1. Select from the stretch 223-233 the residues that are open to solvent by less than 100 Å² (accessible area, probe 1.4 Å), closer than 16 Å to residue 168 by Cβ and in a helix (DSSP H, G or I) and list them in ascending order.
2. Test each condition in (1) without any contact (Cβ under 8 Å) to a residue 60 or more places away in the chain; (2) part of a helix (DSSP H, G or I); (3) over 20 Å from residue 62 (Cα atoms); (4) basic (Lys, Arg) for residue 331 and report the one that comes out false.
3. Inspect all residues belonging to the stretch 68-80 and state whether any of them is open to solvent by less than 70 Å² (accessible area, probe 1.4 Å), over 30 Å from residue 241 (Cβ atoms) and assigned to a loop (DSSP other than H, G, I, E, B).
4. Answer yes or no: is there a residue in the stretch 156-163 that is open to solvent by less than 10 Å² (accessible area, probe 1.4 Å) and farther than 30 Å from residue 279 by Cα.
5. From the residues in the stretch 199-221 that are in contact with a Pro (Cβ under 9 Å, 6 or more places away or on another chain) and either modelled with pLDDT under 95 or surrounded by 15 or more Cβ atoms within 10 Å (Cβ to Cβ) (or both), which one is nearest to residue 162 (Cα to Cα)?
6. Considering each residue of the stretch 294-330, count those that are farther than 22 Å from residue 251 by Cβ and of a type in the set (Lys, Arg), and give that number.
7. Could you tell me which numbered condition residue 319 fails, if it satisfies all but one of (1) open to solvent by 50 Å² or more (accessible area, probe 1.4 Å); (2) at pLDDT 95 or above; (3) closer than 24 Å to residue 243 by Cβ?
8. If you take the residues of the stretch 87-118 that are modelled with pLDDT of 95 or more and among the aliphatic types (A, V, I, L, M), which of them is nearest to residue 235 (Cα to Cα)?
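The values are calculated or read from the model by the stated rules, or taken from the named source; none is laboratory data. Here the structure is a predicted model, which means the values were calculated and not measured. Neighbour counts run over all protein chains shown; Cβ positions are idealised from the backbone, glycine included. Surface accessibility is based on the protein's heavy atoms, side chains included, excluding ligands, DNA and RNA. Shrake-Rupley method; radii C 1.70, N 1.55, O 1.52, S 1.80 Å.
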Amino acid sequence: MSRKFADKLNGLNPFAARSRALPEPLPVRSSQRLVRVFVEGYEDVAFWRGVFDRFVNPYLRFEISVPPREDLPKGKKVLLGMIPQASDELLLCVDSDFDYLFYNSTPQSRDLLACGRMFHTYAYATENYLCYAPSLHNVCVRATKNDTRIFDFERFMADYSRIVYPLFLWYAFSAQQASEHIFTLADFRASVRLNYLEIEHNGLRTLAWLRRNVGRRDRMLRERHAEMVAPMRAFAEKLLRRGVTPENTYLFMHGHTLMDNVVIVVLNTVCEKLRELSIARITSSSKKGVALRNEMSNYTNSLRSIRDVLLDNENYTDCFLFRRLQCDIRRYLMGVLGEKRMREVFGDTMPVCE
């Protein structure tokens, strides 16, 4: 390797040169114990940091990271393999995927639910929380700096959920039966994605288009796999006990499908209309010439990427699934710290758990 090329690589990676020491982590206070919290991947660190920020206390310091292994493996399978190592000072945090819904029906579900030091999202993945319907208006406000309500996200996502619910059952049931070939993730994604949003009447035409597509696929599956229809009704009852209803299906469906093929499509359309509304207000003002150009420049410079704002979204804490996750961590802390210390630190702010 030429010296010039090596210098260029070192410039890209300031820690590559042996003469440069890596920064040392700050020492843990003598009154605290370090609790390592391992997550599936780098994109999950911020979410779980936000979760444990709600439980900061003078006795434990939580440090969120991917597993520090030399071969750099990560992902849910790696963390499931670490279950024997889990302890009060080594916690594992994963996406639930379908493991919570399957509730001991599969070996992986049994392993996850039996480990008291492995926390899971209850929702399919962290992306489902980012797409929590009551928070999406705030995402638009942060991206466009316009607080005008022109779209009811909660009503739309409930309508969307009711429409895709039958196909969600087909996909989840076939996954539990280890027969994903009947209705694969690719099939599910293609069937429930939104290619566009007509914002008028809160997406009525878009939803009607989706309903026709879902109905055709549902009828085809019922004809080809009639033997699965009756068992799937019992499966739906089981999911209802886990909290799945036709109106909240989006919280339990594949997270990246929801974010990339549904919510981003909706947000792009709504935010575009909000930006147009803001620009129309500016151009119709009494300002002219340089003052108008400056006003327009100030507005456009304040805009943010919709995806970036969505990835930073933390307005999902009132979701009933997130409260369950908080209660799991509260029970862990109660076992480690005891009720007296818990009340001393958190007082009446502790989550109320069933």
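1. 228, 229, 231, 232
2. Checking residue 331 against (1) without any contact (Cβ under 8 Å) to a residue 60 or more places away in the chain; (2) part of a helix (DSSP H, G or I); (3) over 20 Å from residue 62 (Cα atoms); (4) basic (Lys, Arg), the one that fails is (3).
3. So far as the stretch 68-80 goes, yes, one or more of its residues are open to solvent by less than 70 Å² (accessible area, probe 1.4 Å), over 30 Å from residue 241 (Cβ atoms) and assigned to a loop (DSSP other than H, G, I, E, B).
4. yes
5. Only one residue tops the list, namely 214.
6. Result for the stretch 294-330: 1.
7. (1)
8. Here the answer is 101.
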